[in-house]
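The values are calculated or read from the model by the stated rules, or taken from the named source; none is laboratory data. Note that this is a predicted model, so its numbers are computed, not measured. Cβ placement follows ideal geometry from the backbone for every residue including glycine, while neighbour counts extend to all protein chains displayed.
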Amino acid sequence: MSCKRLSLFASILLVAGFGWKNVFAQNSSEPLPYFTEPAISPDRAEIAFVSGGDIWTAPIGGGEARLLVSHSAVESRPLYSPDGKRLAFVSERTGNGDIYLLTFATGELKRLTFSDGNDRLDAWSRDGKWIYFTSSAYDIRSNDVWRISTEGGTPMQFSNDRFVGEFFSQPSPDGQTIAFTARGNSATQWWRKGHSHLDEAEIWTLRDGAYQQHTNRGAKEMWPLWSGDGRSLFYVSDRSGAQNLWSKPLSGAAKQVTQFKDGRVLWPNISYDGKVIVFERNFGIWKFDTSNNQASEIKITKRGAAPMPTIEHLTLNQFQELVLSPDGKKVAVVARGEIFAASAKDGGDAVRVTKAYARDGQITWAADSKRIAYISERNGNGQLFLFDFTTNTETQLTSDKLTDAAPKFSPDGKSLAFVRDRKELRVYDLAAKQERAVATGYLNPSPSTLVWSPDSKWIAYGALSTKAFRNVFAVPASGGEARAVSSLPNGFISSLSWSPDGTYMLFNSAQRTEESLLTRVDLTLRTPKFREDQFRDLFKDEPARPNARVEPQRENAAVSEAKKDEKKR
């Protein structure tokens, strides 16, 4: 069945905006809402933030949140104008993402940008006449900083380095200097948890065409914010390990101003007088007082969901995953960050499997086609869950603080293999409800590089080998020494599979700039046949042939013919 056919018939049943108690049995605890991308009003009285793809507001001291902007599309990045009369935000209602302006007094909604790319809102100018944003729609090589008049018109490019990305821009209070983040992939991969050299970024400023670097390499440093007097910058950095807020005078040394040991600091926004910074941490909203360096969480409760049970049918037309069951009769998909299942033959209404305020995915079917396992981030990091369609129950299997990924059912359906923290291959015994580590290394947490043997006794996986090459290894599921299956000078492996008879493996092997090649590794030893051996075989004596004899029937026929000749004579 095609994705298009499923999208035409899939529907979602929403019961009172919460859970699915009338459809599926749920966990004993209700899922918690997430709050992200906060902004503080000029008078520091309220905050705007995003939850469920809509924009809400709440008092700065916490309390009930009110729904401000709601649409079936995703809304994000709300920012108050300096006079507090308007709100800029990004909406996907017209495509990848454009910038809109909402006037509070009249409710007028105005679209500012019209590009085919994703325009990411950064900041207002202090005089309220300009909107700064980041976009790669006009230069396919990298992100650049642009600005557009709040009255509309053609966007004007503010920075233009053709080979280095520039993003998360912030104009200074006097409007003469712009601070921004440069280098790395953090413009689009800010969500990546943990440290990677690909995400390392620096804080720079641009004034009168002259660039100045303010932080050194070696850390992921993003979202610069100007102090009230414009003499220093606040920003997010993971230089100390965990993500924290840092402060740096323009001509002085940087220092860490929050002391978080874990969690993440994301999407900070500073009041125009520089006294308070609000930011996202662990799916909640926090505030930071710049006068005493004290951080505290803002307690928020949402108000504005449907007061009565309602049914809403939505069409699913964008899928992140599509996994066919082993019996070929069902299909599980990921759409809007949630998991749905439907008939693979007839389509029809899709049954909603998960409803959480976080991303679910990495689906794997059990061999009986009655259960699926998947990863959910509803508790802050990836954890392993199981859903049984025969009982309509969901069970959380793991609850470690480290991230789990790439679950795979064993062929006998008794165990689940998965990767923890990209460093451990673990097996979960469904009957014993216990997990154990079977291998360690620098693993590739992808379902395409983890596979069971047909007899459920071995697990093959991709991992770093010597000289940073990626190769295939195999380890007994019951525990033991891992063995190298391949030894190739490659950078990437994917689509790992085990033959049904268990005698060989197939996988794709590639370098970064080369096309991938299909590789086969035989698991049964075969004695090679050398040319020297073929030549020596020419001198071996041929086996003796048995003496020829006349077959009985032919012998009797010959005797009969001789007798006939004798009678004629």
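Could you tell me whether GLY194 is closer than 21 Å to VAL257 by Cβ and either in a strand (DSSP E or B) or not assigned by TED's automatic domain parsing to the domain that holds ALA405 (or both)? Considered against the rule, which asks whether it is closer than 21 Å to VAL257 by Cβ and either in a strand (DSSP E or B) or not assigned by TED's automatic domain parsing to the domain that holds ALA405 (or both), GLY194 comes out as no. Considering the conditions (1) crowded, with 18+ Cβ neighbours inside 10 Å; (2) over 14 Å from PRO224 (Cα atoms), GLU151 is excluded by exactly one of them, (1).
Taken over the range 388-417, the residue count meeting the criterion of being in a loop (DSSP other than H, G, I, E, B) and either touching a Phe, Trp or Tyr at 6+ places or on another chain (Cβ under 8 Å) or farther than 19 Å from GLU377 by Cα (or both) is 11.
Filter the range 347-374 down to residues that are in contact with a Lys or Arg (Cβ under 6 Å, 6 or more places away or on another chain) and part of a loop (DSSP other than H, G, I, E, B) and give me whichever is surrounded by the fewest Cβ atoms within 10 Å (Cβ to Cβ). Ranking the qualifying residues of the range 347-374, first place goes to ALA358.
Of the strands (runs of 3 or more DSSP E) entirely within the range 35-104, those holding at least 1 residues that are more than 22 Å from LEU225 (Cα to Cα) and in contact with a Lys or Arg (Cβ under 7 Å, 6 or more places away or on another chain) occupy 46-51, 54-59, 63-69, 98-103.
Can you find, within the range 146-167, the residue that is nearest to GLY128 (Cα to Cα) among those that are assigned to a loop (DSSP other than H, G, I, E, B) and of a type in the set (Phe, Trp, Tyr)?
If we filter the range 146-167 for residues that are assigned to a loop (DSSP other than H, G, I, E, B), which is where we start, we get 150-155, 158-165.
Narrowing further to those that are of a type in the set (Phe, Trp, Tyr): 158, 163.
Values: PHE158: 17, PHE163: 31 Å.
Going through the qualifying residues, I end up with PHE158.
Can you confirm whether the range 200-212 contains a residue that is β-branched (Val, Ile, Thr), buried (at least 19 other Cβ atoms within 10 Å of the Cβ) and assigned to a loop (DSSP other than H, G, I, E, B)? No, the range 200-212 has no match at all.
Is the range 501-518 home to any residue that is of a type in the set (Ser, Thr, Tyr), assigned by TED's automatic domain parsing to the domain that holds VAL419, assigned to a strand (DSSP E or B) and within 20 Å of ASP404 (Cα to Cα)? Working first, answer last.
Kept after step one, since they are of a type in the set (Ser, Thr, Tyr), are these residues of the range 501-518: 503-504, 509, 513, 516.
In the following step, the residues that additionally are assigned by TED's automatic domain parsing to the domain that holds VAL419 were identified as 503-504, 509, 513, 516.
Add one more test, that the residue is assigned to a strand (DSSP E or B), and what stays is 504, 509.
Going one step further and asking which of them are within 20 Å of ASP404 (Cα to Cα), we end up with none.
Checked the range 501-518: no residue is of a type in the set (Ser, Thr, Tyr), assigned by TED's automatic domain parsing to the domain that holds VAL419, assigned to a strand (DSSP E or B) and within 20 Å of ASP404 (Cα to Cα).
Against the condition in the same structural domain as LYS110 (by TED's automatic domain parsing) and without any contact (Cβ under 8 Å) to a residue 40 or more places away in the chain, how does SER227 come out, does it pass? No: the conditions fail for SER227. Looking at ASN471, ASN490, just one residue is buried (at least 19 other Cβ atoms within 10 Å of the Cβ), of a type outside the set (Ser, Thr, Tyr), assigned to a loop (DSSP other than H, G, I, E, B) and touching a strand residue (DSSP E or B) at 6+ places or on another chain (Cβ under 9 Å), and that residue is ASN490.
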